[in-house]
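See structure below.
The values are calculated or read from the model by the stated rules, or taken from the named source; none is laboratory data. The shown structure was predicted, so the numbers you read here are calculated from the model rather than taken from an experiment. Every residue, glycine as well, gets a Cβ built from its backbone with ideal geometry; the counts of neighbours run over all protein chains shown. We work out accessible area using only protein heavy atoms, side chains counted, and drop any ligands, DNA or RNA first. Shrake-Rupley method; radii C 1.70, N 1.55, O 1.52, S 1.80 Å.
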Amino acid sequence: MQELIQYIEEAWASQMPFVAYHFPDAKGVNCLFPKDSELRHLQRYDEAGFIFSPFETTSQPIVFPEVSSEVLKFELIDHEFESPGKFRIKENPEEKENYLKLLSQAIDQIKAEEFRKIVVSRRISADYELEHPAELLLKLIQSYPEAFTYVWFHPKVGFWAGASPEVFAKTYRTQFKTMALAGTKQVDEDRDWTEKELDEQQIVTDEIVEALKNHTENLQISERKTDRAGELLHLRTDITATLESSKLGDVLSELHPTPAVCGLPKDKAYKFLKVNESYDRQFYTGFFGELNMPQHNQRSGRTRNQENQAYKLVVRASGLYVNLRCLSYVAGKINIYVGGGLTKDSIPEEEWAETVNKSRTMLKVL
């Protein structure tokens with residue numbers, strides 16, 4: 001574990017790109033350390049590496065290529081943390097008032113049948129000095145072992161970290177998996193799911209299935225279930241299909257942004273958000289993760305992952321997640337990103353409260 005911390009801290013101190021991440025319930029931490037600080041964008045979906053894609057649909061993902069990075073895996077062991085006390089952000093009455101107005105505007109448009117659903121978000125900012133990104137990663141893993149947790153940095157972009165509960169796409173040979181995740185309530189809330197929450201999640205499921213129909217075969221949809229992410233519960237439906245690898249880019253373009261982070265009709269909702277949200281989402285509600293990475297046991301330390309693999313059959317797979325429950329950091333300022341799905345039955349004050357609950361995911365580890 002100390003070696004992992006040393007690697008990340010050295011890259012951070014020298015302002016070199018890096019990503020370190022932990023798959024849900026995995027026993028190790030994966031890392032890519034690019035050998036230079038050139039900002040590379042994905043050209044084709046048959047490339048291999050770690051990709052980081054923004055909410056903006058016209059932008060190509062940033063890629064840390066496998067071929068030009070040091071690719072390492074470290075065993076995860078228990079790590080003790082000092083308790084520095086809770087980091088709090090004081091609520092700004094003006095920000096709340098503006099967000100409630102935006103929520104009301106969006107709900108009115110849904111009632112006027114301009115949209116079936118729309119996902120409105122906000123950014124919470126505060127002064128903060130991030131000194132030890134490795135410690136932040138380990139706190140994220142410890143607090144949210146069932147989520148995809150990560151820290152990502154590029155000197156020309158900035159620092160991002162998060163704990164995402166939502167799979168965007170997984171591939172293994174011709175297998176393709178995704179999920180429809182929507183609806184939110186606290187773990188300790190003693191109530192059934194409301195019609196609003198059930199309807200919101202069904203809208204997401206239906207749209208994802210529709211988007212996949214033209215590109216996949218053997219489409220299968222699971223029963224809806226309740227999924228836990230930290231102190232929050234969500235409604236989840238798993239969707240699987242058969243997909244030719246050459247079509248992966250087409251499918252991802254069709255799916256992104258999903259109704260779970262944008263709305264329906266997608267193009268109309270996207271335009272509304274670009275005009276009316278008072279900030280740039282950047283990589284919040286984008287997608288990120290492994291693209292076509294080899295599935296074998298890598299050794300930690302400075303041993304390249306290609307060593308002794310020449311005569312092994314290596315299957316390549318992708319594991320991509322939606323960038324939710326995340327924060328960014330640049331120039332002494334921390335930004336936490338939160339939002340929620342609106343339907344005709346939404347109530348602005350309750351939607352505000354939902355974003356407050358979601359912000360605690362990141363506040364807990366700061």
Looking only at the range 151-177, which residues are within 16 Å of Gln220 (Cβ to Cβ) and open to solvent by less than 10 Å² (accessible area, probe 1.4 Å)? Ala169, Phe176
Return the total of residues in the range 46-66 being over 17 Å from Pro257 (Cα atoms) and open to solvent by less than 60 Å² (accessible area, probe 1.4 Å). 8
For the range 7-37, give me each residue that is in a loop (DSSP other than H, G, I, E, B), at pLDDT 95 or above and open to solvent by 50 Å² or more (accessible area, probe 1.4 Å). Ser14, Gln15, Met16, Lys35, Asp36
Kindly indicate whether Tyr128 is open to solvent by 10 Å² or more (accessible area, probe 1.4 Å), modelled with pLDDT of 95 or more and of a type in the set (Ser, Thr, Tyr). no
State all residues of the range 1-53 that are closer than 20 Å to Cys326 by Cβ, out of contact with any Phe, Trp or Tyr (no Cβ under 6 Å at 6 or more places or on another chain) and small (Gly, Ala, Ser); if no residue qualifies, say none. Ala20, Ala26
Flag for Phe55 being assigned to a loop (DSSP other than H, G, I, E, B) and under 24 Å from the mean Cα position of the chain (by Cα): yes
Counted residues in the range 248-276 being part of a loop (DSSP other than H, G, I, E, B) and buried (at least 18 other Cβ atoms within 10 Å of the Cβ) come to 7
Condition broken by Arg236, with the remaining ones in (1) out of contact with any Leu (no Cβ under 8 Å at 6 or more places or on another chain); (2) touching a residue at least 12 places away in the same chain (Cβ under 8 Å); (3) basic (Lys, Arg) satisfied: (1)
Looking only at the range 326-344, which residues are surrounded by 21 or more Cβ atoms within 10 Å (Cβ to Cβ) and in contact with a Gly (Cβ under 7 Å, 6 or more places away or on another chain)? Cys326, Leu327, Ser328
Looking at (1) buried (at least 18 other Cβ atoms within 10 Å of the Cβ); (2) farther than 30 Å from Thr343 by Cβ, which is the one condition that is false for Glu70? (1)
Residue count, the range 61-88 (criterion: in a loop (DSSP other than H, G, I, E, B), at pLDDT 95 or above and polar (S, T, N, Q)): 1
From Gly158, Gly162, residue being of a type in the set (Gly, Ala, Ser), over 17 Å from Pro24 (Cβ atoms) and at pLDDT 95 or above: Gly158
Does Pro265 qualify as being of a type outside the set (Gly, Ala, Ser) and in contact with a helix residue (DSSP H, G or I) (Cβ under 6 Å, 6 or more places away or on another chain)? no
Suppose we filter the range 203-230 for residues that are buried (at least 17 other Cβ atoms within 10 Å of the Cβ) and either more than 24 Å from Thr171 (Cβ to Cβ) or of a type in the set (S, T, N, Q) (or both); how many remain? 4
Kindly indicate whether any position in the range 145-162 is over 21 Å from the mean Cα position of the chain (by Cα) and over 23 Å from Val251 (Cβ atoms). no
Out of the residues in the range 97-125 that are of a type in the set (Lys, Arg), under 25 Å from the mean Cα position of the chain (by Cα) and modelled with pLDDT of 95 or more, state the one that is surrounded by the fewest Cβ atoms within 10 Å (Cβ to Cβ). Arg123
